[in-house]
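Before any comments, here is the structure.
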Amino acid sequence: MLTHRWERGELHRRPEVLAVEEPLEIHLDGVLVATTMRTPGHDFELAAGFCHTEGLLAGAPVRQCRYCGTGSAVDSEFNVVTVETGGLAPTPTPRLTATTSACGICGTTAVDELRDRLRPLPPSPPVPLEVLASVGERVGGAQRLFDATGGVHAAVAFDATGEPVVVREDVGRHNAVDKVVGRLLLDGALPATGLGLWVSGRASFEIVQKAWAAGLATVVAVSAPTSLAVEAARLGGVTLCGFARDGRLNVYAGEGVVAP
């Protein structure tokens, strides 16, 4: 689109690329479980990842993902995805409100639900702090949508050397994480033992929850964590680092599993 830019006392017209934000309905075995505002792309990964990180699959395998289970994908403008387990997943309880491109539902009740649903992750080998601090630099050029729009977040699964394995972008931090988890799920790579998660923004409770559910034992965020994120990380045995930029970072949880 064309926009106006005020710079050095002059007004100029110039083209601008904007990040797309559209609703996506996620269905599990024919039941609507959520509507989220997302950047189109990798929609099957997003839907499958969401169902996994929210505990809706309960270990059931994903047999198929497809657009619009009741009609034409064109008619629904590719904004409806059905995740199918052949009825092996429990009958889901849908979210009653739409999930925005910001992070979703948080609170102490959610922490209690995590405690009931997930077991703490087993201890992982120490990860050098210099490796964790370097992940953001390695992601760099892989954030193509951000480079074009400046309006999206990135989530990255990285290995023990800090090398990116899966990179996904979205207007929502939690959506980007679900896309990463969904890719790993569809590849049969969960639990993601030996991998960590890097996110371009802050580390919220929901980011830590999703990492924990996927077996990603380390979360590294460019910005700060929330207090509830730290509580969830300590509960789940997740190493949580924040303010990871310019070769520095803070360690908020898991101090015993990072190496200097």
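Only the coordinates and a few stated rules stand behind these numbers; no lab work does. These figures come from a predicted structure and were not determined experimentally.
Our summary of shape: the Cα atoms of region 127-259 have principal axis extents of 38, 34, 27 Å, ordered from largest down, in whole angstrom. The Cα trace of the chain gives Rg and Dmax of 18.7, 63 Å, the first to one decimal, the second as a whole number. Region 191-209 and region 121-173 have their alpha-carbon centroids 9 Å apart.
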